[in-house]
Each structure stands twice: as structure tokens, then as C-alpha cells.
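Okay, here's the structure, questions in a sec.
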Amino acid sequence: MAFIRNCWYPAAFSSAVGEGPLRRTVLGENIVLFRGEGGAIAALDDLCPHRMAPLSLGRVRGGGIECGYHGMTFDGRGACVRIPGQDTIPSRARVRSYAVAERLGLVWVWMGAAEEAEASLLVDLAQFDDPAWAVVPGEALAIGANYLSLADNLCDPSHVSFVHTSTLGNAASVGVPVRSRAEGRETVVWRWILDAPAIPVFAQTGLVQGSVDRWHYYHYHAPCVAIIDFGTAPAGLIGPDGDRDRGLRIFAVHCITPVDEGHCIDHWFHLRNFGQGDAALDAALNRSFRTAFDEDKAILEAIETEESSRPGFRPVQLAIDAAPNRMRHIVRRLIEAEAASPALQAAK
Ligand code: FES
Ligand SMILES: [Fe+2]
């Protein structure tokens with residue numbers, strides 16, 4: 001399977017890039033992240049061109065990274081700036097550098113040619129910088145499955161009624177159909193469940209009584225970002241098409257790193273419009289999310305095992321697959337566009 005190269009992939013939470021170098025693998029490529037001049041994050045091929053020592057085994061010095069074997073030092077653009085014991089620097093003494101951006105508390109790496117990096121393709125969420133919203137850090141969850149299996153899951157609200165019964169779902173939504181549409185790189189799938197009991201995640205806040213209307217809007221930005229807008233309001237208060245900010249509203253954000261064909265990392269965190277500054281609520285909600293996402297991990301890893309042991313198996317298609325199919329169509333179309341474009345090919 002090919003990957004889209006000309007796009008941004010999350011490599012790490014910004015907070016994970018500290019004083020020292022950090023190795024990450026994206027699309028099968030080993031990358032070293034470090035804070036260079038002025039704290040700006042740099043991303044280089046994690047390989048010293050001398051004896052192939054991973055640069056991540058070295059140390060960060062003077063805004064560059066010093067190889068841990070013989071001390072060759074590279075700046076944030078991959079140019080060699082020092083070779084201990086000699087004055088001349090061979091022209092081949094350089095390392096590939098990746099374009100880097102920070103957004104939504106994450107470090108994003110452009111996997112195509114750095115000069116082609118397109119800032120407008122970074123996914124944004126206005127509420128992230130809005131003081132009315134709590135932004136609660138989450139975790140990086142390693143999953144032994146192809147990233148598109150996780151993407152399928154994140155275009156699929158129907159599974160919560162079965163997989164996440166102690167957190168994100170309950171029986172009230174079992175028979176409620178989902179609707180979906182696609183536009184550009186985005187797939188949206190949603191449904192409302194009216195006049196039903198609250199799901200456990202909201203019931204545990206103590207802020208919900210009686211029957212509620214609740215919603216799920218799953219926004220999937222191909223290839224690797226899911227923003228799930230879900231919430232709860234007293235039955236009849238806002239109704240579908242009403243102002244969801246009048247209810248208890250959460251954005252669960254998943255930024256997926258495709259590590260290689262069979263592994264990915266789900267960088268998850270959440271935003272919410274209630275309980276700002278409530279550390280106990282932060283922890284309680286994160287516990288629920290951790291439980292839920294571990295349930296997803298278990299089922300996705302089991303599926304990955306079955307898929308790899310039965311190549312060519314043709315799954316039955318259901319109505320709930322419309323959105324995952326749309327998402328995969330978008331990814332396929334982008335891969336085909338890159339394959340057909342000599343300019344994009346050259347960027348590889
Ligand atoms: S292996 Fe890096 S300087 Fe020798
Ligand atoms: Fe799930």
C-alpha cells in the first residue's frame with residue numbers, strides 16, 4: 001500500500017520534544033526531532049551520513065544535533081556545521097530535513113519535498129485557542145494496525161453502541177442510522193439520538209439529569225485527522241440543527257501517525273466547553289477515553305491479525321460503511337494524483 005506523501009502527519013506531541021533528541025517513525029522513515037535555534041523544532045533523517053549512527057543517539061548542542069559517534073554536527077536544515085578534527089566539510093555531509101509545523105499541540109512533519117510544504121493543509125480547530133474551551137492533553141496510543149483501519153473506526157459512530165458500552169455508547173443508539181457526506185479531503189458522518197438516556201461519559205459528570213438529546217459529528221480530514229464533535233443537551237432544548245454550544249460539548253481529537261503498514265499511533269486529546277480548570281474532571285474523562293480507545297485498539301489489532309492471515313477476503317458491505325468508504329476513496333484519489341504527477345513523484 002502506498003501512502004500520501006504530500007501532506008502533514010503528526011510525529012509527536014509538542015510537549016514530548018524536550019531538551020534531547022526524539023526518534024519517531026513516520027511512513028516507515030526514521031526521523032529525529034529536536035529543538036534547534038530559538039526552540040523551533042527541526043526534523044531530520046535519523047541517520048548520520050558518516051557511519052550511519054542514528055542521530056537520535058547523539059545530543060542537541062548549540063541549536064544543532066551532534067552525532068554521538070564522532071561528533072559531526074548538523075543544523076536544523078540538515079547542513080553539516082562541524083566535523084571535529086577537520087576544517088573542510090564534504091559536500092555530501094548533509095542530512096535530509098523535513099518541513100515541520102506545530103499545530104493543535106502537535107509536531108507535524110511534511111513527508112514530501114520540504115519546499116512543497118503547504119501550510120494551508122494543516123488541520124485547524126478554532127476552539128483550540130478559545131479560552132472558553134478547556135484543552136486537555138491526552139496520550140499517544142500505539143496500535144498494531146494499519147492507520148486506515150483506525151480511520152475506518154473514526155468514521156464509524158455505529159460501533160460505540162457495541163464496543164464502548166461503559167463510556168461512549170449505550171443501547172439507545174443501536175438502531176439509529178448514520179448519515180454522511182464528503183467534501184474535498186473531509187468526510188463527515190453524524191447522527192442524533194433523541195430523548196434517550198445520557199451515555200456514561202456525560203452521566204459521570206453529574207451535570208446531566210433525565211432524558212437527553214445527543215449528537216455525534218465525526219469529521220475525518222484525510223489522511224490522518226479525526227475531530228469528533230459529540231455532546232448532550234436536555235431533551236428538546238436545542239434539537240438537531242440547534243446551537244450545540246448550549247449543551248455539554250466535547251471535541252475528541254485523534255491525530256494519527258502511520259508508523260508503517262501495520263502500525264500506527266493515535267495521538268488523542270480532548271476539548272470541552274464545560275468544567276474548565278477542573279482537574280478531577282480532566283482525569284475522569286481521560287480515564288473514560290483511555291478505556292474506550294483501548295477497546296478500539298483491541299478490536300483493531302484482532303482485525304489486523306485476521307486480515308493478514310486471509311488476504312483477498314471480501315468483506316460484506318453495510319450501510320454504515322458509506323463514510324469509511326468515502327474516506328478511503330479520498331485517500332486513494334490523493335495517492336493516485338501523486339502517482340500521476342511527475343512533480344509530486346520527484347518529491348519522493
Ligand atoms: S557516525 Fe556520525 S560522526 Fe561518525
Ligand atoms: Fe471507538
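Values quoted throughout were computed directly from the atomic coordinates according to the rules given, and no laboratory measurement underlies them. Because the structure is a prediction, the values reported are computed rather than measured. Positions of Cβ are backbone-derived with ideal geometry, glycine not excepted, and every protein chain shown enters the neighbour counts.
Which residues in region 42-64 have a backbone N closer than 19 Å to a point placed 7 Å from the Cα of E19 along the Cα-to-Cβ line?
42, 56-64
A further question follows. Using θ = phi - 60° and the Karplus form 6.51 cos²θ - 1.76 cosθ + 1.60, what ³J(HN,Hα) does each residue of region 131-137 get, whole Hz, x for Gly and Pro?
Ordered by residue, 3J(HN,Hα) equals x, 6, 10, 7, 10, 10, x Hz.
Next question. Can you compute 3J(HN,Hα) from phi for each residue in region 89-97, using the Karplus curve 6.51 cos²θ - 1.76 cosθ + 1.60 with θ = phi - 60°, rounded to whole Hz and x for Gly and Pro?
Using θ = phi - 60°, the values come out as 10, x, 5, 7, 7, 8, 10, 4, 10 Hz.
What value, in deg cm²/dmol to 500, does the helix sum -39500 (n - 2.57) over DSSP H runs of n ≥ 4 give at 222 nm once divided by the residues of the chain?
Taking each H run of at least 4 residues, the total per residue is -6000 deg cm²/dmol.
Which value in nm describes the separation of the simple spin-label points at D278 and S166, placed 7 Å from the Cα toward the beta carbon?
Once both label points are built, they end up 2.2 nm from each other.
Could you give me the ³J(HN,Hα) list for region 289-300, computed from phi with Karplus coefficients 6.51, -1.76, 1.60 and θ = phi - 60°, whole Hz, x at Gly and Pro?
4, 4, 4, 5, 6, 5, 5, 4, 4, 4, 6, 5
Oh, and also: Quick check: pseudo-label points 7 Å beyond the Cα along Cα→Cβ at D241 and L121, how many nm apart are they?
3.7
Would you mind calculating the gained length between R314 and D294 on full extension (0.36 nm times residue separation, minus the Cα-Cα distance), in nm to one decimal?
4.5 nm is the gain from fully extending R314 to D294.
For A2 and L207 in one chain, what is 0.36 nm times their gap in residues minus the Cα-Cα distance, to one decimal in nm?
Fully extending the segment from A2 to L207 adds 69.2 nm.
Same structure, new question: Taking Cβ-Cβ under 4.7 Å as the only way to count a partner, pick out the unpartnered cysteines of the chain.
C7, C80, C155, C224, C255, C264
A further question on this structure: Would you mind getting me the FRET efficiency between T88 and R51? Use the beta-carbon distance for r and R0 = 25 Å, nearest 0.05.
0.85
Grab the other residues whose beta carbon is less than 14 angstrom from that of D124, score K and R as +1, D and E as -1, and report the net.
-3
Give me the one-decimal nm value for the distance between modelled label points at R96 and E29, 7 Å along each residue's Cα-to-Cβ direction.
0.4
Follow-up. Loop-only GluC sites (Glu not before Pro) in region 16-77, please: DSSP not H, G, I, E or B, and at most 11 other Cβ atoms within 10 Å.
Counting only loop positions with at most 11 other Cβ atoms within 10 Å, the GluC sites (Glu not before Pro) in region 16-77 are E19.
Follow-up. If we sort 269-277, 2-10, 121-129 on the protection proxy, mean other Cβ atoms within 10 Å, highest first, what's the order?
Ranking, from highest mean packing down: 2-10, 269-277, 121-129.
Quick check on packing: order 178-186, 84-92, 150-158 by the mean number of other C-beta atoms within 10 Å, highest mean leading.
150-158, 178-186, 84-92
Which one, G28, A134, C155, projects farthest toward the positive side of the charge dipole computed for the chain from Cβ point charges (K/R +1, D/E -1)?
Comparing the listed Cα positions along the dipole, G28 ranks first.
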